[in-house]
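Below: the structure, in structure tokens.
Read-outs: derived from the displayed coordinates by stated rules, not from any lab. Only a predicted model underlies this, so the values are computations on that prediction, with no experimental measurement involved. Positions of Cβ are generated from backbone atoms using ideal geometry, with glycine treated the same way; all protein chains shown enter the neighbour counts.
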Amino acid sequence: MGWLTKPASDTQVTHRDRLWLYIVATIIMLLLVIPTFIVIPMSFSDSQYLEFPPSNWSVRWYDEYFGSSKWMRATVTSLQIGVLTMLVATPLGTAAAYALFVSGHRAARAVFMFLITPMIVPVILIAIGTFYAFGRVGLNNTITGLVLAHTVLAAPLVMIVITASLRTYDLNQELVARSLGASRLKAFFAITLPQIKFSVLTAALLSFLTSFDEVIVAIFVSGGVNATLTKHMFAALRDYIDPTIAAISTIMVLVSSVLLLATQFIGNRDK
Amino acid sequence: MAARQYFSRGALILANDSNQSAQASTALPIHIRDLTKRYGQMYALDSVDLEIKSGEFLTLLGPSGSGKTTLLMAIAGFNRPDAGSIRFGDTEMILTPPHKRDVGMVFQSYALFPHMSVTENVAFPLKLRKVSPAECAERVAEALATVQLSEFGERGIDQLSGGQRQRVALARAFVFGPRILLMDEPLSALDKKLREHMQIELKHLHEKLGVTTVYVTHDQREALTMSDRIAVINDGRLAQVDTPHVIYNQPANAFVADFIGESTMLPLSGDSAGRLMFADQVVTTEAATDAAADHLLVVRPERLFVLRGETVDPEKTIAFDGTVREFVFQGETAFALVAVDDRHELSVRFSTDSASSQNELQPGDRVSLGLHREDVITIPDNA
């Protein structure tokens, strides 16, 4: 146990002094993660019902998922909406973040706060509001409608990620580029964008995830042939308990984890 | 002379691009008239008139917040003045966006593009001008040679030292043969030794390129070292525009006298004959034209010398008697504060060479200080 007495930092705090911290941190991490990971063994159960721990192992619920045209269509819808949300929210959020960051206008901060309110307002309120608004213009149960609603949720994330990366970026580079003969647009695309590209990529992945994981707004404004995977899962949970949900959840956890890890990995590459 | 020739070529290309008559010289004069820029109630620039001659190295010198950077940015096109005119040669530029002004610019932060190599950085303005790849390579090579970085083209920006980055920024700013070069405190991030070295190098570069250069600094020594002329700016107004020699030896007002170099200022009063007096010392033997107005005597500390009992010719030398308050050895010079009366102290700077090492003074010593009449500077006291 020699490492216990070794200093853990420059201030000579030993690992032994920090033991309590490690334990607390581990407990917190487990509390956060176990509810998510408990579905993984459940999804490999042979039982008709959600069962933990499973008494018999099987991949029948994965067969069920991949073999069901209902689930497959919902998955395609979710992917479609996720990708479209990403394609709309990323440029919009990036442009907004850039404009507000560069303008230096007195109102810029207020506008920024206004644009990120979807992160603060309870999603259920956004869902109800969107449902009524879309009802008037006929956007409920359409791909367009859900993409718009998800863009409202995803754009704030994009703005926060892009603003953070602009903070460490020397905007004088754009001034130089312009003095050297580049228009503003050219300066942005030739000089600024290449240097924040990994943040833009991170923001894009986060917008995809925001849409792909989203359930509350989807319950309200998606339906029929355009119902998302999450909406179907929620309906399935309510109507009949079926381990297919656990199988789908496992796949979604996998997809989300991979994408989140990717954003972590990518996000640190600017600079 | 190679650089010169290649610059003329750059100028021709640019002149053709902008459909202007080809010019023999790359340099353009800048005419600034009545330039005013307000931020709220504050005047960053207050009716500034400035003529910058073709090929001149002009420094805008002033304390922070004086408006020097605002003026530079107005010339570059990054802020739009509320009133006035900026002409490059005969062309009004006030509404021209920065990327159409053909102005090379060097920033304090260098602002090199970190995602490009040295060569790509320098080639950037040429690529924007659609210069052919072969000529682009040639001109980049020439520019890098001019700043002595020929071997560094393939390097990344993070592999360069501060001084090397500065040179890349310079090469990038002049490679496309701009008619005007603007620099915003380009050396302030360098350490003192490198800064002094780069000052000389910049001066040489300017001589070689012959391009009209506007340089912003708050460092008066830098301004005195490098400039053909200095425009001293304060509170959005030009306090004085002249050669370093005149700025130092004949400051036009108290601000310039105080800001440039060290100085002590003594209040003067006119006597019945119109001569300016400090106490019972006659400071100007000629009658001042405006003796009724308040005047100040500006004394440069290094122009004072200790009188050792020798008789002085009052026609040539003014003598101040006083008491040493402070004496500080500072290496190549020594510094003393001498009280000449209850309210006024003169700063004195001595050389510490072996011949004058006996100048060592003790606080409390009575001392007599001489000032040659040709070193007398009087300015009106507007304060």
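Directionally averaged projected area (region B:144-252, Cα convex hull): 7.8 nm². Candidate cross-link partners of B:Lys193 among the aspartates and glutamates, defined by an alpha-carbon separation under 17 Å and a same-chain spacing of 8 or more, comprise B:Glu185, B:Glu201, B:Asp219, B:Glu222, B:Glu332. Straight-distance candidates among the lysines for linking to B:Lys100, with alpha-carbon spacing under 20 Å and chain neighbours fewer than 8 residues away dropped: A:Lys186, B:Lys127, B:Lys130.
Oblate is the label for chain A, because a/c, from the alpha-carbon gyration tensor with a ≥ b ≥ c as root eigenvalues, is 1.5 or above and a/b does not exceed b/c. Going by the alpha-carbon gyration tensor, a ≥ b ≥ c the square roots of its eigenvalues, is region B:262-380 rounded (a/c under 1.5) or, if a/c is not under 1.5, prolate (a/b greater than b/c) versus oblate? Since a/c reaches 1.5 and a/b is larger than b/c, the shape of region B:262-380 is classed as prolate. A simple spin-label model places the labels of B:Asp375 and A:Ile143 8.7 nm from each other, with each point 7 Å out along Cα-to-Cβ. Of the residues A:Ser68, A:Ser256, A:Ser78, which exhibits the maximal mean-square fluctuation in a Gaussian network model of chain A defined by a 10 Å Cα contact cut-off? Fluctuation is largest for A:Ser68.
Please label the shape of region A:55-195 as rounded, prolate or oblate, based on the square roots a ≥ b ≥ c of the eigenvalues of the alpha-carbon gyration tensor (a/c under 1.5 means rounded; beyond that, a/b larger than b/c means prolate, else oblate).
prolate
Taking A:Ala95, A:Ala155, A:Ala218 as the candidate residues, the one with maximal mean-square fluctuation in a Gaussian network model of chain A, Cα springs under 10 Å, is A:Ala95. When chain B is modelled as a GNM with alpha-carbon springs shorter than 10 Å, which of B:Leu61, B:Leu361, B:Leu149 fluctuates the most? Evaluated over chain B, the most mobile residue of the options is B:Leu361. Applied to region A:102-107, the Karplus parametrisation 6.51 cos²θ - 1.76 cosθ + 1.60 on θ = phi - 60° returns per-residue 3J(HN,Hα) values of 7, 4, x, 5, 4, 7 Hz, with x for Gly and Pro.
Give me the compactness ratio for region A:1-117, meaning the Cα radius of gyration over 2.2 N^0.38 Å.
On the way: Rg = 24.9 Å, N = 117, 2.2 N^0.38 = 13.4 Å.
For region A:1-117, the normalised Cα radius of gyration is 1.85.
Pair-distance distribution of chain B: all C-alpha pairs, bin width 20 Å, starting at 0; shares per bin in whole percent are 25, 45, 25, 5. Note that region A:143-271 carries a Kirkwood radius of 17.1 Å, evaluated over its alpha carbons pair by pair.
Diffusion of region A:2-60 by Stokes-Einstein, at 10 °C in a medium of 1.306 mPa s and with Rh set to the Kirkwood radius over alpha-carbon pairs, works out to 110 µm²/s. Ordered by the number of other Cβ atoms lying within 10 Å of each residue's own Cβ, fewest first, B:Glu56, B:Glu360 fall into the sequence B:Glu360, B:Glu56. For the residues of B:241-249, the average number of beta carbons from a partner chain within 10 Å of their own beta carbon is 0.
Quick note on region B:215-321: its Rg to Rh ratio, both from C-alpha atoms and Rh being the Kirkwood radius, is 1.03.
For chain A, the relative contact order is 28 percent, taking Cα pairs closer than 8 Å that sit 6 or more residues apart in sequence and dividing their mean separation by the residue count. Within the straight-line cut-off of under 17 Å between alpha carbons, the lysines reachable from A:Lys70 are A:Lys231, sequence neighbours fewer than 8 places apart in one chain being disregarded.
The helix-only estimate of mean residue ellipticity at 222 nm for chain B, built from DSSP H runs of length n ≥ 4 each weighted as -39500 (n - 2.57), is -8000 deg cm²/dmol after division by the residue total. In terms of other Cβ atoms within 10 Å, A:Val137, B:Val147 run from fewest to most in the order A:Val137, B:Val147. When you filter the trypsin sites (Lys or Arg not before Pro) in region A:101-161 for DSSP loop state and at most 13 other Cβ atoms inside 10 Å of their Cβ, you are left with A:Arg106.
Among the residues of B:109-117, the average count of other protein chain beta-carbon atoms within 10 Å of the residue beta-carbon is 6. Calculate I(q)/I(0) for the protein assembly as shown by the Debye formula, one identical point scatterer on each C-alpha and no solvent, and give its log10 at q = 0.05, 0.11 Å⁻¹ to two decimals. Cα-only, vacuum Debye calculation for the protein assembly as shown: -0.43, -1.13.
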